[in-house]
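Written below as structure tokens is the structure these notes are about.
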Amino acid sequence: MAGLTLEHVGKKYPNGYEGVKDFNLEIADKEFIIFVGPSGCGKSTTLRMIAGLEDITSGTLKIDGRVVNDVEPKDRDIAMVFQNYALYPHMTVYENMAFPLRLRKAPQDQIDKIVHDAARILDLEKLLDRKPSALSGGQRQRVAMGRAIARQPKVFLMDEPLSNLDAKLRVQMRAEISKLHQRLGATIIYVTHDQTEAMTLGTRIVVMKDGVMQQVDTPAKLYSEPCNLFVAGFIGSPQMNFIDATVGEAAGHLTLTFGKNTITVPDSKAAALKPYVGKVVIAGIRPEDVVEEHEYAENKKLSEPIEAVVTVYELLGSEAMIYGDVDGGAISAHISATNPVRTGNRIKVAFDVDKLHVFDKDTELAIVH
Ligand code: ADP
């Protein structure tokens, strides 16, 4: 297995479009790295440059310390798993998995051992004689993984491998891939547009937008300390609430005012916000950090109450989501399913201000979280 280094890597397509700009990343051996971002942000282009399927137009790519910019894809010691499996329909599962080894002219007993080992890891042993047409979507995806494993590459590259599967299977395969990562101890680079997939699979996540890397962090850090408005809005579902608010000062504390609501900023967040007094900023709070009235009586870290008029009520099971209008903005919140509030009703909520994020309205960078 191996580590990778990308230094100032860029991709300019022949039509002049810059798909990826100045991408810098050190990937350690055995890491599970996710590239995530909306469609067209440059995830696949970056992955394809690593695979050697796309020329690198600027910068350097190293695998295990060796510059591989001009090395043929087949000589890079990587295996790629695509969303459309790319299995050979006329070959059995066994032969599909053995194919890369036959190309390499590996001896039959070695092929047999490697294919059976991979089949055992992926629970495919009973399916080795079947053709892909006789397999379910999830089984085909496992065969595609098995073929990658059989190659025993230094690095696995996966481009939206689960996007053709239905929701239930996707969750199952997500767990399978996690287990696979632990069992193989492999370096994996995985592309997805789905932030939930990114958050559940990755040891580190690279968030991209318009060809530019926005933030690289662990899932927990991305969630609690997004570096800018884009990352804050992209990571987390339902998305973080954003409200334009004016920074003020009252009784020795900083405040944020939106409409007729004013909330006090905790002193721990005041220093960074001080230069913004008198200016409009963007306050951010996740729906789970907006709490109901009965929860805030005993909790000292909550903001002043805010009245919301519920515009949408969604029962999720043990919880419900509400979307509501507040004076000066709109918010969504997780509330208990036992709360009788419904569309059209008023509800009092408060922000868990320790979890408050504030962003600069011009640069969209985080001021404090
Ligand atoms: P993602 O995988 O994040 O959806 P891609 O890496 O496929 O995005 O594409 C990044 C950007 O590069 C997109 O705006 C896309 O339209 C553009 N692009 C991709 N391939 C080409 C090409 N061959 N020529 C010009 N632009 C391209």
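Below 14 Å, Cα to Cα, which aspartates and glutamates can residue 274 reach? Residues fewer than 8 away in the same chain don't count. Those aspartates and glutamates meeting the cut-off are 249, 360.
Under 20 Å of direct C-alpha separation, and excluding same-chain neighbours fewer than eight residues apart, residue 348 reaches these lysines: 260, 300, 301. Here the chain is treated with +1 on each Lys and Arg Cβ and -1 on each Asp and Glu Cβ, and its dipole about the Cα centre works out to around 1300 debye. Label zone (residue 64, point 7 Å along Cα-to-C-beta; backbone nitrogen cut-off 17 Å) within the stretch 176-190: 185-189.
Treating cross-link reach as a plain straight distance, find the lysines whose alpha-carbon is under 26 Å from the alpha-carbon of residue 62, omitting any fewer than eight places away in the same chain. Hits, sequence-local ones excluded: 11, 12, 21, 30, 43, 74, 154, 209. For q values of 0.09, 0.10, 0.11, 0.14 Å⁻¹, compute log₁₀ I(q)/I(0) with the Debye formula on a Cα-only model of the chain, without solvent. So the normalised log intensities are -0.64, -0.75, -0.85, -1.11. Using the Cβ-Cβ distance between residue 348 and residue 312 with R0 = 22 Å, the FRET efficiency computed as 1/(1 + (r/R0)^6) comes to roughly 0.80.
Packing around the peptides 95-106, 185-196, 312-323, taken as the average count of other Cβ atoms within 10 Å per residue, puts them in this order, highest first: 185-196, 95-106, 312-323.
Summarising the strand pairing of the chain, around 80 percent of its internal DSSP beta bridges are antiparallel. Stretching the chain fully between residue 131 and residue 15 yields a gain of 37.6 nm (0.36 nm per residue, less the alpha carbon separation). Starting from the Cα of residue 196, step 7 Å toward the Cβ, then list every residue of the stretch 230-245 with an amide N under 13 Å from that point. The answer is 236-239, whose backbone nitrogens lie closer than 13 Å to the label point.
Each reported figure results from applying straightforward, stated rules to the coordinates on display, with no laboratory input. Only a predicted model underlies this, so the values are computations on that prediction, with no experimental measurement involved. Counting neighbours? That spans all protein chains shown, and the Cβs are built from the backbone with ideal geometry, glycine included.
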